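Worksheet for the structure shown next.
The values are calculated or read from the model by the stated rules, or taken from the named source; none is laboratory data. All values derive from a computational prediction rather than experimental measurement. When we count neighbours, we look across all protein chains shown, and the Cβ atoms used for this are built from the backbone with ideal geometry, even at glycine.
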Amino acid sequence: MTTETILVANVKCNGCATTIKNELQKIEGVSDVTVDKDADSITLSYPDNERKMIIDRLHELGYPEATEKNGLLLQLKSYASCMVGRIHNLQA
């Protein structure tokens, strides 16, 4: 099991944090997901050799690793993911 803090781009609010947390917890073996929107970071535990799957999922949601190129398309994806998280927060 690996515990890591990953720096990402485009985390703007609690809606973003909710989407990230919910989506990463769907990956088998991922646990203890914490999103720090002020530090643009995600701390989580995951099975060894699953990092690529996590980074790929974050990229799909519009939250690329801070070392990746962050183009307009990824920024737009992050806004859509943010809205999903905000709606989820309203329902909770």
When every residue in segment 23-56 that is surrounded by 11 or more Cβ atoms within 10 Å (Cβ to Cβ) and of a type in the set (S, T, N, Q) is compared, the one nearest to Thr2 (Cα to Cα) is Ser45
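Name the residues in segment 8-40 that are farther than 20 Å from Ala80 by Cα, in a strand (DSSP E or B) and not β-branched (Val, Ile, Thr), would you? Steps first, please.
Keep residues of segment 8-40 that are farther than 20 Å from Ala80 by Cα, which gives 27-34, 39.
Checking the rest, the ones that are also in a strand (DSSP E or B) come to 31-34.
If the condition is that a residue be farther than 20 Å from Ala80 by Cα, in a strand (DSSP E or B) and not β-branched (Val, Ile, Thr), then Ser31, Asp32 are the ones that fit.
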| request: State whether one or more residues within segment 72-91 are surrounded by fewer than 16 Cβ atoms within 10 Å (Cβ to Cβ) and touching a Pro at 6+ places or on another chain (Cβ under 9 Å). | output: no
Within the bounds of segment 42-57, is there any residue that is at pLDDT below 85 and acidic (Asp, Glu)? no
Checked pairs for segment 1-15, first without any contact (Cβ under 8 Å) to a residue 40 or more places away in the chain, second assigned to a strand (DSSP E or B), C-beta under 6 Å and 6 or more apart or across chains, list as Thr5/Ser41; Thr5/Thr43
